[in-house]
1. Enumerate the calculated ³J(HN,Hα) couplings along the range 86-99 in order (Karplus 6.51 cos²θ - 1.76 cosθ + 1.60, θ = phi - 60°), each rounded to whole Hz, writing x wherever the residue is Gly or Pro.
2. Skipping prolines and chain starts, which residues have an amide H placed within reach, meaning under 5 Å, of the one on Ala123, given they are 5 or more residues away or on another chain?
3. What distance in nm separates the two pseudo spin-label positions at Lys204 and Ala50, each 7 Å out from Cα along the beta-carbon direction?
4. Over the range 48-152, what lengths in whole Å, largest first, do the semi-axes of the equivalent ellipsoid take, defined as the square roots of 5 times the eigenvalues of the alpha-carbon gyration tensor?
5. So who's got an amide H within less than 5 Å of the one on Lys225, skipping anything under 5 residues away but keeping other chains? H placed 1.01 Å off N, in plane.
6. So what J values fall out for the range 46-63 if you push phi through Karplus, 6.51 cos²θ - 1.76 cosθ + 1.60 with θ = phi - 60°, rounded to Hz, Gly and Pro as x?
7. To the nearest 10 degrees, how steeply does helix 195-204 sit against the main Cα axis of the chain, on a 0 to 90 scale?
8. How large is the translational diffusion coefficient of the chain in µm² per second when you combine the Kirkwood radius over alpha carbon pairs with Stokes-Einstein at 10 °C and 1.306 mPa s?
Amino acid sequence: MAKTALIAAVVVIVVIIAGVAAYYAVHKSKGEKCIRVGTSPDFPPFEYVAKNGSIVGFDMDLIKLALHKAGYKCVKIVSMDFDSLIPALQQGKIDVIAAGMTITPEREKVVAFTIPYWEVDQAVIVSKTSNFRPAKLEDLAGKTVGVETGTTASDYLKKYVKEHKVDIKIKEYSSYVLAVQDLVNGRIDAVMLDVPVAKMFTKKYPVIIAFVVKTGEKYGFAVRKNDTELLNKLNTALKEIMNSPEWNKLVEKYFGS
Ligand code: GLN
C-alpha cells in the first residue's frame with residue numbers, strides 16, 4: 001500500500017516537472033524566436049550597405065526599434081532583390097519586409113501591410129553630363145528609362161506607355177544602383193524612382209532630378225496575411241514611435257540636412 005502511494009507520488013511529481021519544463025521550453029523559444037527582416041539594400045536612405053558592409057538605413061532602424069518595442073529581441077536582416085521579397089515572405093523565408101515598399105491594392109492581396117510610415121512621389125532622374133532635360137513623361141518618348149523590377153515605378157511607366165501609346169523603352173534592373181550606374185555611363189537616358197532615393201543618388205552620382213510625378217505612395221512594412229499577432233504588435237509599436245521624440249531623431253538622422 002505504502003509502496004503504491006510512493007509510486008503514485010513519484011509519477012505525479014514527474015508529470016508536474018515535465019509539464020513545467022515543457023511550458024518554459026515553449027515560452028522561452030517563443031521569446032527568443034528570431035524575426036527575419038527582408039530588405040533590398042540599394043535604396044538609400046531607407047536601406048543601403050554601409051562602408052563596413054552592414055545593412056543600415058531609416059527602415060532598418062525603424063523596424064528594429066518597432067520589433068524590440070513589440071518584444072522581439074532577436075532580429076536578423078536578410079538581403080535580396082526587391083522583386084524576391086514578397087515570394088520570400090510567402091514561402092516563410094523571411095517574416096517581415098522592410099524595403100520602402102509602397103502599399104498597393106495588388107500587394108495587399110498577398111501580404112498584410114502595417115500602418116503607413118512614409119509618403120513619396122516618383123522622380124525622373126537624368127545624367128548631369130548629358131543635355132537631355134525632360135520636363136514631363138511625354139518628353140521620354142523615344143528614350144530608354146531604367147527602373148527596378150517589381151517596383152511601382154516599373155508598373156507606373158508600363159501603364160503609362162500602354163495608355164498613351166508612347167514609345168518609351170523600359171529597361172528593368174535587379175537593383176536601382178545598377179540602373180543609376182547605367183545612367184551615369186550613358187547606356188540609358190533616365191531612371192524613374194522614389195523621390196527621397198533620387199535625392200540621395202544626386203548626392204552620390206552626377207545625376208539630377210528632371211521632374212517629379214505626383215503618385216502619393218505610402219510605405220508600409222509587410223508581414224504574412226495570417227501573422228496577425230505580429231502585425232498588431234508592429235502597428236502598436238509604430239504608433240508609439242511615431243508619436244515620440246524617437247521619430248524626430250530617426251528622421252533627422254537620415255533626412256536631416
Ligand atoms: N516604393 C517602391 C515600390 O514599392 C520602390 C521600392 C524599392 O525599390 N525598394 O515599388
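Just so you know, all these numbers are worked out from the coordinates, no wet-lab data involved. Owing to the predicted nature of the structure, the values given are computational and were not obtained by experimental measurement. Counting neighbours? That spans all protein chains shown, and the Cβs are built from the backbone with ideal geometry, glycine included.
1. Coupling constants for the range 86-99: 5, x, 5, 5, 5, 7, x, 7, 9, 10, 9, 9, 10, 8 Hz.
2. For Ala123, the qualifying residues are Leu193, Asp194, Val195, Val213.
3. Roughly 1.5 nm, to one decimal.
4. Numbers: eigenvalues 201, 63, 37 Å².
Over the Cα atoms of the range 48-152, the ellipsoid semi-axes are 32, 18, 14 Å.
5. For Lys225, whose amide H was placed from the backbone, the distant partners under 5 Å are Ala112.
6. 6, 7, 7, 8, 6, 4, 7, x, 7, 8, 10, x, 4, 4, 5, 5, 5, 5
7. Rounded to the nearest ten degrees, it is 70.
8. Values: Rh = 20.5 Å.
D, rounded to a whole number, is 77 µm²/s.
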